[in-house]
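Below: the structure, in structure tokens.
The values are calculated or read from the model by the stated rules, or taken from the named source; none is laboratory data. What you are looking at is a predicted structure, and each value in this text was computed from that prediction instead of being measured. In this analysis, Cβ positions are derived from the backbone assuming ideal geometry, glycine residues included, and neighbour counts consider all displayed protein chains. These accessible areas exclude ligands, DNA and RNA; they are computed on the full protein's heavy atoms, side chains included. Shrake-Rupley method; radii C 1.70, N 1.55, O 1.52, S 1.80 Å.
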Amino acid sequence: PKLLKTSCCDCLVHVCRRRKELKARTVWLGCPEKCEEKYPKNGIKNQKYNIFTFVPGVLYQQFKFFLNLYFLVVACSQFVPSLKIGYLYTYWAPLGFVLAVTMAREAVDEVRRYQRDKEMNSQLYSKLTGLLPQCSITHAAIYTPLFLLSTSEKNGSCFIRTDQLDGETDWKLKVAVGCTQRLPADLFSIKAYVYAQKPQLDIHSFEGNFTREDTDPQIHESLSIENTLWASTVVASGTVIGVVIYTGKETRSVLNTSYAKNKVGLLDLELNRLTKALFLAQVVLSVVMIALQGFVGPWFRNLFRFVVLFSYIIPISLRVNLDMGKSAYGWMIMKDENIPGTVVRTSTIPEELGRLVYLLTDKTGTLTQNEMIFKRLHLGTVSYGTDTMDEIQSHIVKSYGLWSASPPASGPKVRKSVSSRIHEAVKAIALCHNVTPVYESHGSANGETESAEADQDFSDDNRTYQASSPDEVALVRWTESVGLTLVNRDLSSLQLKTPSGQILSFHILQIFPFTSESKRMGIILREESTGDITFYMKGADVAMASIVQYNDWLEEECGNMAREGLRTLVVSKKSLSEEQYQDFENRYNQAKLSIHDRGLKVAAVVESLEREMELLCLTGVEDQLQADVRPTLELLRNAGIKIWMLTGDKLETATCIAKSSHLVSRSQDIHVFRPVSSRGEAHLELNAFRRKHDCALVISGDSLEVCLKYYEHEFVELACQCPAVVCCRCSPTQKAQIVRLLQQHTDNRTCAIGDGGNDVSMIQAAHCGIGIEGKEGKQASLAADFSITQFKHIGRLLVVHGRNSYKRSAALGQFVMHRGMIISTMQAVFSSIFFFASVPLYQGFLMVGYATIYTMFPVFSLVLDQDVKPEMALLYPELYKDLTKGRSLSFKTFLIWVLVSIYQGGILMYGALVLFESEFVHVVAISFTALILTELLMVALTIRTWHWLMVVAEFFSLGCYLASLAFLNEYFDLSFITTWPFLWKVSAITLVSCLPLYIIKYLKRKFSPPSYSKLSS
């Protein structure tokens, strides 16, 4: 039987594991009956619970806190007759109320998440047949990975945007499979299948095969990343038809996303620690009582009765007040007119906003708008900015006007005029690129044939540009604005339109595309009217400096533009004779056919052309920042928050944005971490970095991976000392890994902010996640704890609302504890005087009323208190630094409250015992009334800025108490409480308990004022 049991267990484990295992798959076209496998549903899910796990899940989250578990035990103990003290409802009503409030709040959060997910999951696409897993998509977001069958372009290409997946702003070129692109519209008549590798994390690779069976011989085509459209990308051009290969949990974007976790604020953890200390004090006090009693009789039972008697030391209303306070802060944040559209999605952690030390931000769409604008053209002797572009335009109009009248003579020129240099520079920018103009078809003429394309509508308002880089589109748009327009382009030719409307045609002989290694792109063109062959090249200054002819201005001007945060490109040209070109072409074709070291040989042939090129100009393009990014980052830096930028974009782009957004200040050096691939290289590079002081760090994802593998602790320690860190080429998983590293190594609170699907993991991993509703979708804002509409709102969210939430919760938590400790002190004094009897001082309704109707409103009104006005908090962000030290709620402040409670409890109880006359019932009346008055006065003492609702709450509570005296016959002697002796005794006791504290507070404010009070005065 033992063997059978073991094998059954193994089998069960195997079955469970087998379900989770990700497999390669074969997807059939035209034969849906062959697709037997079941795949996950294609929907996003941000919910934490389902209908079955909600109640157990919420109860677990509540009772994992020591505070709530303690109350559950105390409340259950009241079912034991020998331990029963007072009425059951005095213990169960508050506990039930706490759980009801918490469940209601969690339910509202959960329903909102469900509705948001439902809205996202109900977005539609066209499914071409009811049986086949194929869909047709036009200019829309893709929610499931596709393998590309055909596109609306003749050559089977289409462009997609991937910034929601990898943070890169470039458009990516995707290609349909050749054999299906050439087929007529009916793709269902063929018998074919796609074999796809098992789902993986890597978003930059894919392996698969496409096989068509109904031909002889069978057609096999290998599939790569070029043939796929991942989920969370957007089709930017044309219409595509594809086959779904992965769904739901198996998509790359979901595999790279971590699951939402229940976040607990630091303040809650601190209060949890304090309640444990209070519980210890409570047990010690109970043991002392039993010891003084002499351990007589059933002392163990009496010990437990004392523990229950002193259970008010840890007030159950603490959780209620804090939870209601959190909801109030959330409401205030959402109602703030200065940050419209802000949504609080997780209402349990608003205090975290006031404790942040690290802010990890995405770049694309968060700091930048992802819109490129041409800003600067430099010709060496003269520079043109946005305000002088009209001069360039007039030069272009003039030069092409002269050109059409008489073509320029091609003789040797001594010195070119400014006009001809501008003409050549603009022409080079208009020709040297990979941009394609696209014309939207109006579809008016249905029978339009291809021959009519010559008369196509080349009007400016009908034209859009497509390219893999937004920089190139910005350059081509600029040449259009100064008069030289790209009107047509295919694989072998391109056409420009001059200001006079004349069309210049060029034949494309060769294109050398941009790569991250070469950092440049080139094109060889033959002008059809003259037959001249010209080689144009543009690229980064580091790559081009050695290629162009000697000059004395390029390096300096590149530095100047980079300091302004502009992305620079150097443009050059070289005229080739027919013989030179033919010689090059022969060598180039030969190199392309070689089997060994093909890449190196091709590069060597191209480099033979790249010598002594004529430097034409330097261009500067700006990636527009979001509104008020610079002042916001400045504010956060002054507030003591360290900002790390994590982006999937290229190193150069990330460095540019770090400078232009002033993430790295102008005076600071930047240390670019060299690419490392081994332990030795990482060691040397870390040593080089260690010698630098006060400089920002820029590191790529691959190098980061190597450093973390071998020198995790050393790297994090060094990086944390930097004023700013930029990590580029980061995958979504890496972003989350960096957040977790900071949490482990620094014990500081982290905040992540982003706007794309690639930021979700980072947002969920951070202590506090903020999502921005971007142009590309709401994925990040849905998964975040707080959602804002613009980056600049984060300043006010942290410095004003974060401060208020933390300060208010700290004051509220400690005051509620004080309220419990003062009554427990009175109970201890009462028991010790009356022969250590475990009898309650106040019974039934007095205890319930004390924690609710008599003091609840004034105490809760502390959530309206503020120590600094919002304007002051924004003007002096340095005040925020104090909050991160956690001085508003610490063992020191807690100890002060304990001493205050012991002093006041002792005075109230001893005063009542000393001053009472004939009957014991008078002690209860005097002490309880003095207690209520003391609490109301203590609230007034704690408040720093009065609000009219606070005054109402104070008088309302006092009114409620006075009105209820008429009904409390069983506790109070009504004939006594209407006499003068009662009034003066209560007043005297209250004065002695409160006046010294008022005097101490006044002296402290006078001789040792807090930093904020110096500002407000």
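Data overview
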{"read-out": "Criterion violated by L576 - all others in (1) closer than 30 Å to P470 by Cβ; (2) open to solvent by less than 60 Å² (accessible area, probe 1.4 Å); (3) among the aliphatic types (A, V, I, L, M) satisfied", "value": "(1)"}
{"read-out": "Selection count where residues are open to solvent by 50 Å² or more (accessible area, probe 1.4 Å), of a type in the set (A, V, I, L, M, F, W, C) and on the phi < 0 side of the Ramachandran plot, scope the range 292-322", "value": "5"}
{"read-out": "Residue that is nearest to W897 (Cα to Cα) [pool: residues in the range 1000-1016 that are open to solvent by less than 90 Å² (accessible area, probe 1.4 Å) and at pLDDT 90 or above]", "value": "K1001"}
{"read-out": "Tally of residues being at pLDDT 90 or above and open to solvent by less than 50 Å² (accessible area, probe 1.4 Å) across the range 528-541", "value": "8"}
{"read-out": "Residues of the range 362-395 classified as out of contact with any Cys (no Cβ under 9 Å at 6 or more places or on another chain) and within 20 Å of P470 (Cβ to Cβ), total", "value": "16"}
{"read-out": "Qualifying residue in the range 394-413 (condition: in contact with an Asp or Glu (Cβ under 9 Å, 6 or more places away or on another chain), open to solvent by 50 Å² or more (accessible area, probe 1.4 Å) and modelled with pLDDT of 90 or more)", "value": "no"}
{"read-out": "Checking K249 against (1) closer than 30 Å to I313 by Cα; (2) within 25 Å of the chain's Cα centre (by Cα); (3) surrounded by fewer than 19 Cβ atoms within 10 Å (Cβ to Cβ); (4) touching a residue at least 60 places away in the same chain (Cβ under 8 Å), the condition it does not meet", "value": "(1)"}
{"read-out": "Number of the exception - N758 against (1) under 13 Å from the mean Cα position of the chain (by Cα); (2) surrounded by fewer than 24 Cβ atoms within 10 Å (Cβ to Cβ); (3) part of a helix (DSSP H, G or I)", "value": "(2)"}
{"read-out": "Residue in the range 977-985 that is of a type in the set (S, T, N, Q), modelled with pLDDT under 90, over 27 Å from F857 (Cβ atoms) and open to solvent by 80 Å² or more (accessible area, probe 1.4 Å) present", "value": "no"}
{"read-out": "Index of the failed condition, S327 passing every other in (1) closer than 30 Å to Q843 by Cβ; (2) surrounded by fewer than 22 Cβ atoms within 10 Å (Cβ to Cβ); (3) polar (S, T, N, Q)", "value": "(1)"}
{"read-out": "Residue within the range 940-949 that is out of contact with any strand residue (DSSP E or B) (no Cβ under 9 Å at 6 or more places or on another chain), aromatic (F, W, Y) and open to solvent by 50 Å² or more (accessible area, probe 1.4 Å) present", "value": "yes"}
{"read-out": "Selection count, the range 331-364, where residues are of a type in the set (G, A, S) and buried (at least 23 other Cβ atoms within 10 Å of the Cβ)", "value": "1"}
{"read-out": "Tally, over the range 365-380, of residues that are in a strand (DSSP E or B) and open to solvent by less than 10 Å² (accessible area, probe 1.4 Å)", "value": "2"}
{"read-out": "Failed item in (1) under 22 Å from F857 (Cβ atoms); (2) out of contact with any Pro (no Cβ under 9 Å at 6 or more places or on another chain); (3) of a type in the set (G, A, S); (4) modelled with pLDDT of 90 or more, with A966 passing the rest", "value": "(4)"}
{"read-out": "Residue within the range 241-251 that is within 30 Å of K174 (Cα to Cα), in contact with a Cys (Cβ under 6 Å, 6 or more places away or on another chain) and either of a type outside the set (K, R) or not in a strand (DSSP E or B) (or both) present", "value": "no"}
{"read-out": "Total residues in the range 198-244, condition touching a residue at least 40 places away in the same chain (Cβ under 8 Å) and surrounded by 13 or more Cβ atoms within 10 Å (Cβ to Cβ)", "value": "27"}
{"read-out": "Only one of F916, F982, F928 that is more than 20 Å from V848 (Cα to Cα) and in contact with a Phe, Trp or Tyr (Cβ under 8 Å, 6 or more places away or on another chain)", "value": "F982"}
{"read-out": "Output for the range 681-723, where each listed residue is part of a strand (DSSP E or B) and farther than 29 Å from D202 by Cβ", "value": "C695, A696"}
{"read-out": "Helices (runs of 4 or more DSSP H) lying entirely in the range 920-1017 (those with 3 or more residues that are of a type in the set (A, V, I, L, M), more than 30 Å from S888 (Cβ to Cβ) and more than 46 Å from the chain's Cα centre (by Cα))", "value": "920-942, 980-1007"}
{"read-out": "Neighbours by Cβ (under 8 Å, 6+ apart or cross-chain): first from the range 420-435, free of Cβ contacts under 8 Å to residues at least 24 places away in the same chain; second assigned to a helix (DSSP H, G or I)", "value": "S420/S399"}
{"read-out": "Enumerated helices (runs of 4 or more DSSP H) restricted to the range 779-886, each holding at least 2 residues that are at pLDDT 95 or above, within 23 Å of H947 (Cβ to Cβ) and open to solvent by less than 20 Å² (accessible area, probe 1.4 Å)", "value": "803-833"}
{"read-out": "Scope the range 982-1017; condition charged (D, E, K, R) and in contact with a Leu (Cβ under 8 Å, 6 or more places away or on another chain); matching residues", "value": "K985, K1001"}
{"read-out": "Residue match in the range 340-348 (condition: part of a strand (DSSP E or B) and touching a residue at least 24 places away in the same chain (Cβ under 8 Å))", "value": "yes"}
